[in-house]
Amino acid sequence: MGIAWMMLSIAAPAGADASAFDSAGYRIAHYRAPTRRAPNGVTRIAPQAAAMLRPGVDALFIDVTPVDPGAGGKPERMTIPGAHWFPESGRGGIDPAVERWLIGGVTRLTAGRADMPVIVFCLADCWMSWNAARRLQRAGYRPIWWLAEGSDGWRDLGLRLEPVSPERNRPE
C-alpha cells in the first residue's frame, strides 16, 4: 500500500473514505456527503444554539458556501443575517491566496481577537464548512464552532436568510 496511502488513512476522520481526503486531512472530493463528527479541536453547534447568538457580537458567523456556477455575473447568496461570506475557502485543495483571504478576513473581522467565537457553516451535509473550521482552528482561532446543518438548518428553524456578497478583497 505504501507510505502515502497510510498517511492518507491516518489523516482522514475515523470511518471516512480515505481517498476523499488529502494527506493533511482535508476533504478534497465529494463535498456534499453526510458529515457526522466535527474536526478535532472544533465543537459542533446546533442551529437552535446558533440562533440564540448575535452575529458580530457574540460570535463571528462565516459562510464558506462556494459560488453557484449557474448564478452567472455577480455572485450572491442567501445566508444567515450578519454572516460574512468567503466562497471557495472550504475546499480541501485550497488556493493559497484564498486561504490568506479567509484567515486575513477573520483576523480583520475579529479585530485580531483569536478568542472570539467563530461559527463556520455552508449547507447541510457539506464538507466545506468542516474543512474551513479545521483550517481556522489550525490558524489559532478558539473557539471554533461548526454549524453542520448550515444555512439549511437555519432556514428549517423558520428563520430568515438575507442576500450577501463575498467579503471584500476576494482573490480572482
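Only bridges with both residues in the chain count here: give the DSSP antiparallel percent, nearest 5.
Bridges in the chain are about 25 percent antiparallel.
Would you mind computing Rg(Cα) / (2.2 N^0.38 Å) for the stretch 29-172, counting N as its residues?
Cα-based Rg divided by the globular estimate yields 0.94.
Taking only Cα atoms and a 10 Å spring cutoff, compute GNM fluctuations for the chain and point out the largest among GLU88, GLU76, GLU149.
Greatest mean-square fluctuation among the candidates belongs to GLU76.
Could you work out which residue, out of TRP130, TRP146, TRP101, moves most in a Gaussian network model of the chain, that is, has the largest mean-square fluctuation with Cα springs under 10 Å?
Per the Cα network of the chain with a 10 Å cutoff, TRP101 tops the list.
Using the Kirkwood radius over Cα pairs, work out the Stokes-Einstein diffusion coefficient for the stretch 100-170 at 4 °C and 1.567 mPa s, in µm²/s as a whole number.
Values: Rh = 13.0 Å.
So the translational diffusion coefficient is about 100 µm²/s.
Mean Kyte-Doolittle of at least -1.0 plus a Cα span of 18 Å or more along the axis: flag which DSSP H helices in the chain meet both, please.
For the chain, where a helix must reach 18 Å along its axis and average at least -1.0, the hits are 96-109.
In terms of the Cα gyration tensor, with a ≥ b ≥ c the square roots of its eigenvalues, is the stretch 77-119 rounded because a/c is under 1.5, prolate because a/b exceeds b/c, or oblate?
On the way: a/c = 2.16, a/b = 1.15, b/c = 1.88.
Note, shape of the stretch 77-119 comes out oblate.
Percent relative contact order of the stretch 115-172, based on C-alpha pairs within less than 8 angstrom and at least six residues apart?
Across the stretch 115-172, relative contact order equals 37 percent.
FRET efficiency for ARG100 and ASP156, Cβ-Cβ distance as r, R0 = 22 Å, nearest 0.05?
Using R0 = 22 Å, I get an efficiency of 0.05.
5 Å is the cut-off here: which amide hydrogens, built 1.01 Å from N in the peptide plane, fall below it relative to PHE21, excluding neighbours closer than 5 in sequence?
Long-range HN contacts for PHE21: ILE28.
To the nearest 20 debye, what charge dipole does the chain have about its Cα centre, counting +1 at the Cβ of each Lys and Arg and -1 at the Cβ of each Asp and Glu?
Rounded to the nearest 20 debye, it is 360 debye.
Rule-based calculations on the coordinates, nothing more; no lab input. A quick note: this is a predicted structure, and the numbers were derived from the prediction, not measured. Note that we place each Cβ from the backbone using ideal geometry, even for glycine, and neighbour counts take in every protein chain shown.
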